[in-house]
Structure formats: structure tokens, C-alpha cells
Amino acid sequence: MKEIRKKLELQWKIWKERWKREKEFNKRIVTSVGLILLLLAVAIINNPYLMGLLFAIINGFGSWESNRLMYGEGLGFRLAVAGGVIAIFLPPVAVATFVLLVGAGLVAYFRKPIGELGILFYPFVPLMAGLDLYKGSGIGVIGWLVALGILADVGAYVFGKLFGRQFISRPFSPTSPNKSWEGVIGGVGVATIVGGLISLPFFPIYLALLFSFFGAVFGVLGDLFESYLKRLAGVKDSGKILPGHGGVLDRIDSHLFLLMYGWGLMILGLI
């Protein structure tokens, strides 16, 4: 009788765990579809004020999460949100400079640790660079960068599942021990090839592949940076606002670095 009871309890635990995983997966799918539809709508409408509003909203939630990971809610959060709203109406570079200078002064006034300035940079500055890139190079370049991040992420997941730790036993980075070299290399490869094809309207084939490769690498670095912040904070996700995904930063970590990368290409006159 005791053995039967133990077997039933074990089977119940297995079913319960499987149900939880399926429920989480379903949430992830629904959220992903919603985000894709939102991005498609913004891309089709292609209105600078709508894009500015989207970036401001992302900056608000992202800054809240970043502030919680780094320091706990406070001065930095309010400054970052205010900067994101202002960004809708003023040139991004000017806004970034203004907010950083004012923020630095307020941090000094309240005698906050110098590390508090970090919240003014992440994700605020990459998003402002992205908005400037949108105004200078158009929605197509933004779409290419977003695609690079998604392709590298999906490619890393698939290759990691299929070949992870089979050729290189050590993890890709101590910051993210679950990532394998095989997964990262596969993800960068997929992003380079497919991203190169996507960017052919902007570059000749050799530059399309080269820029897509370096973009994919930047995306990996962005993912690692957010993982580093979460490890320091001792949390699994940056937030809970996106069911099945975690926080906003969990979705845009690689894209923040990619926006800076694309902005750099624009400044150098390569886009």
C-alpha cells in the first residue's frame, strides 16, 4: 500500500511539473505573438512620434527594472522615466546629454554613490541612440537589428539543445553557465547568414555578412551584460511584466547593444 502511495505521489509530482512547464510555455507563446504584432504595427505605421512613444515606454519599464537590479527604486528611476518621455519631443542626442548632466548633478547633490549614474546609461542611452538611428536611417535598419537579436537568440537555443557541451565541455561564460559554446557559435552563424540576406538592400554582400556577424556578437555581449546584472542582484528575471518571458530587459538585452552598434555604423557613415 505504501509503495502504491509513493508511486501515485511521484506520478502526481511529474504531472504537476509538466503542467507548470506547459502553462509557462503557453504564456510565452501568447506574449511572443503579442509582441510581434505590436512591432509589426509600429513598423507598418512608421510614425516617428509613435516610435518615440514606444521607446519611451520601453525606457520607463526597462529603467525601473535596471534600477531594481542595481540599486533599488529611487532617484535614478524617476530621472530615467522623465528622460524617456522628453525624448518623444526633442532630438535624442541632446536629450541624452541633458539628462546625463542633470542626473550627474543631482547624484552629486544628494551624495549618492557614483555607481548611481549607471541607471542613466542603461537602458536610456542605447534607446536614445536607437531613436536617433531610426530618424537617420529609417525603420529598415531598425528591423534588421531587431532580426539579428532574434536570430542569434533562436539559433543559440536550437544549436545549444542539439549540440551543447558535445564538443566544448566548458560553459561559454561564468556569467551565464547555461550557455554553451556550440549554442553561441550556432546562433552567431545563423544571425550572420540570415541577417546578411536581410540587410542586402543596405549593403553589398560582403559588408552585409560582415556587419551582421559583428552585430550578432554585440547582441551576445548585451545578453551577457544583463545576465551579469541579474547574477549580481541574485534574481532569475529582471521583472515579471511579460508573462512567460520575465521583464522588459530580458527581451531587449541584446537589442540595446545592437542599437548602439547600429548607431555607431551610422555615425561612421556606413549606413
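Every residue, every condition in (1) more than 27 Å from GLY269 (Cα to Cα); (2) assigned by TED's automatic domain parsing to the domain that holds GLY264; (3) surrounded by 16 or more Cβ atoms within 10 Å (Cβ to Cβ); (4) modelled with pLDDT under 90, yes or no:
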position: GLY183; (1), (2), (3), (4): yes, yes, yes, no
position: GLY195; (1), (2), (3), (4): no, yes, yes, no
position: SER199; (1), (2), (3), (4): no, yes, yes, no
position: GLY219; (1), (2), (3), (4): no, yes, yes, no
position: LEU229; (1), (2), (3), (4): yes, yes, yes, yes
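This table checks each residue for (1) over 19 Å from LEU270 (Cα atoms); (2) at pLDDT below 55; (3) in contact with a Cys (Cβ under 6 Å, 6 or more places away or on another chain); (4) not aliphatic (A, V, I, L, M).
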{"residue": "ARG111", "(1), (2), (3), (4)": "yes, yes, no, yes"}
{"residue": "ILE114", "(1), (2), (3), (4)": "yes, yes, no, no"}
{"residue": "ASP132", "(1), (2), (3), (4)": "no, no, no, yes"}
{"residue": "ILE139", "(1), (2), (3), (4)": "no, no, no, no"}
{"residue": "ILE142", "(1), (2), (3), (4)": "no, no, no, no"}
{"residue": "GLY155", "(1), (2), (3), (4)": "yes, no, no, yes"}
Exercise. So which residues in the range 220-271 are closer than 20 Å to ILE150 by Cβ and among the β-branched types (Val, Ile, Thr)?
Worked result: VAL220, ILE241, VAL248, ILE252, ILE271
For this session: Might you check whether a residue that is closer than 30 Å to LEU40 by Cα and touching a His at 6+ places or on another chain (Cβ under 8 Å) occurs anywhere in the range 160-182?
Result: no
Problem set entry | Unique match (being in a helix (DSSP H, G or I), within 23 Å of THR31 (Cβ to Cβ) and either of a type in the set (S, T, N, Q) or in the same structural domain as GLY262 (by TED's automatic domain parsing) (or both)) among ASP153, ASP237 | ASP153
Exercise. Given the conditions (1) at pLDDT 85 or above; (2) surrounded by 15 or more Cβ atoms within 10 Å (Cβ to Cβ); (3) in contact with a Ser or Thr (Cβ under 9 Å, 6 or more places away or on another chain), which single one is not true for TYR122?
Worked result: (1)
Seminar exercise, completed: Of LEU221, LEU145, the only residue that is among the aliphatic types (A, V, I, L, M), in contact with a Phe, Trp or Tyr (Cβ under 6 Å, 6 or more places away or on another chain) and either under 23 Å from ASN59 (Cβ atoms) or in a strand (DSSP E or B) (or both) is LEU221
For this session: Identify, from the list LYS179, LYS135, the residue that is charged (D, E, K, R), in contact with a Phe, Trp or Tyr (Cβ under 7 Å, 6 or more places away or on another chain) and within 30 Å of ASN59 (Cβ to Cβ).
Result: LYS179
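The values are calculated or read from the model by the stated rules, or taken from the named source; none is laboratory data. What you are looking at is a predicted structure, and each value in this text was computed from that prediction instead of being measured. Cβ sites come from the backbone with ideal geometry, for glycine too, and all protein chains shown count toward neighbours.
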